[in-house]
1. Dimensions of the chain along principal axes (Cα, Å, largest first)?
2. How large is ³J(HN,Hα), in whole Hz, for each residue of segment 204-217 in order, when computed from phi with the Karplus curve 6.51 cos²θ - 1.76 cosθ + 1.60 and θ = phi - 60°, using x for Gly and Pro?
3. Hey, which of these cross-link pairs are over 21 Å Cα-Cα: Lys228/Lys277; Lys189/Lys228; Lys148/Lys195?
4. Of Gln17, Gln212, Gln237, which has the largest mean-square fluctuation in a 10 Å C-alpha GNM of the chain?
5. Tell me, for the chain, which Cys residues have no other cysteine's C-beta sitting closer than 4.7 Å.
6. Select from Thr162, Thr136, Thr96 the residue whose mean-square fluctuation is largest in a Gaussian network model of the chain (Cα-Cα springs shorter than 10 Å).
7. For the chain, what is the calculated [θ] at 222 nm in deg cm²/dmol (nearest 500), taking -39500 (n - 2.57) for each run of four or more DSSP H residues and dividing by its residue count?
8. Run down the aspartates and glutamates and flag those whose C-alpha is under 17 Å from the C-alpha of Lys75, throwing out any fewer than 8 positions away in its chain.
Amino acid sequence: MKERLEELRVSALQELQTVESAAALGELRVKYLGKKGALTEILRGMGGLSAEERPVIGEVANAVRSAIEGVINEKQEAFQQEETNNRLRKETIDVTLPGRALPRAAVHPLNKTAQEIEDVFLGLGFSIAEGPEVETDYFNFEALNLPKNHPARDMQDSFYITDEILMRTHTSPVQVRTMQAKGGATPVKVICPGKVYRRDDDDATHSFQFNQIEGLVIGKGIRMSDLKGTLLHFVQQMFGAQAQIRLRPSFFPFTEPSAEVDVTCVQCGGHGCRMCKGTGWLEILGCGMVHPSVLEMGGYDPEEVSGFAFGMGVERIALLKYGIDDIRHFYTNDLRFLGQFARM
Ligand code: DAH
């Protein structure tokens, strides 16, 4: 029995010399030391030994077990160390490498421009009013002094849904909605931002859908000079303190008198260049004193109060402010274009 134990020791240690993986090592542990392993197998014969032999053999068996176990544990530790080293080697990071920049979202230039415009008027004590994009003929035209068959309706080719319902062609209907909601109270001081729709073919300067911001002020003794001062403040906030405005007589059915407003050319500062076609001025909005009929339809007495109104295209302001040459850039979602506004 003693010889068999010695043989086991020799063969086990020999086999352990050449073991190459942690898995193979595990198998050898089972083979030699497991419950059904070779050592247990030999020790089954202990029952047949005499009382004197038993402790002697027991001692030898223990020595063989601990010798084999020792080598196995040693090897196991070596394998573990090796694996740790491999992982460390594989997972090293070069902390001197520059980081990968995360792409950051940017506010769309149209939203940015609209927010800037809104900020200027909020600073003057205006509040924001909104109305529906699907509008009635009454609010979009009728109550703005544009009865059916009025020739000025042709200025705004419309998307009709039914005879009486259309996509609003401008933000002016919000003027009427605001006045009617106020029930004759003054002052009224609102701006109305929103999308509008026209039956236009899209090109560099036209779009079937675009954004406007409307303004409306009503109170006792509101005069054209109030309109002019408000607009001058606005353009100087938007385009810089050097910006000037000029008012040209114009026509809108809902204002009388009406004017078109030009701002000093943002490119040449008024000297004349290609952008302003040599005039030194760029048209930016329409405005006027609210027509007495519009005041009446809004629930105000034109003998008691007066008001001014204006309307501008957000795309147009953004084109001028940022020197963009094609309105379609706003809608075609080219990230190379949009990304330029990330840090402005
Ligand atoms: N609603 C006009 C348009 O879309 C713009 C406009 C002009 C609005 C004069 C006004 C105004 O409030 O007074 O062409």
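Readers should treat all values here as calculations from the given coordinates under stated rules, not as data from a laboratory. Because the structure is predicted, anything quoted here is derived from the model rather than measured. Cβ atoms come from the backbone with ideal geometry, glycine included; neighbour counts cover every protein chain shown.
1. Largest first, the chain extends 133, 47, 37 Å along its Cα principal axes.
2. 4, 10, 10, 8, 6, 9, 8, 10, 10, 10, 9, x, 8, 10
3. Lys228/Lys277; Lys148/Lys195
4. Of Gln17, Gln212, Gln237, the Gaussian network model singles out Gln17 as fluctuating most.
5. Cys192, Cys287
6. Thr96
7. Numbers: 11 runs with 136 residues, N = 344.
Taking each H run of at least 4 residues, the total per residue is -12500 deg cm²/dmol.
8. Hits, sequence-local ones excluded: Glu15, Glu20, Glu27, Glu83.
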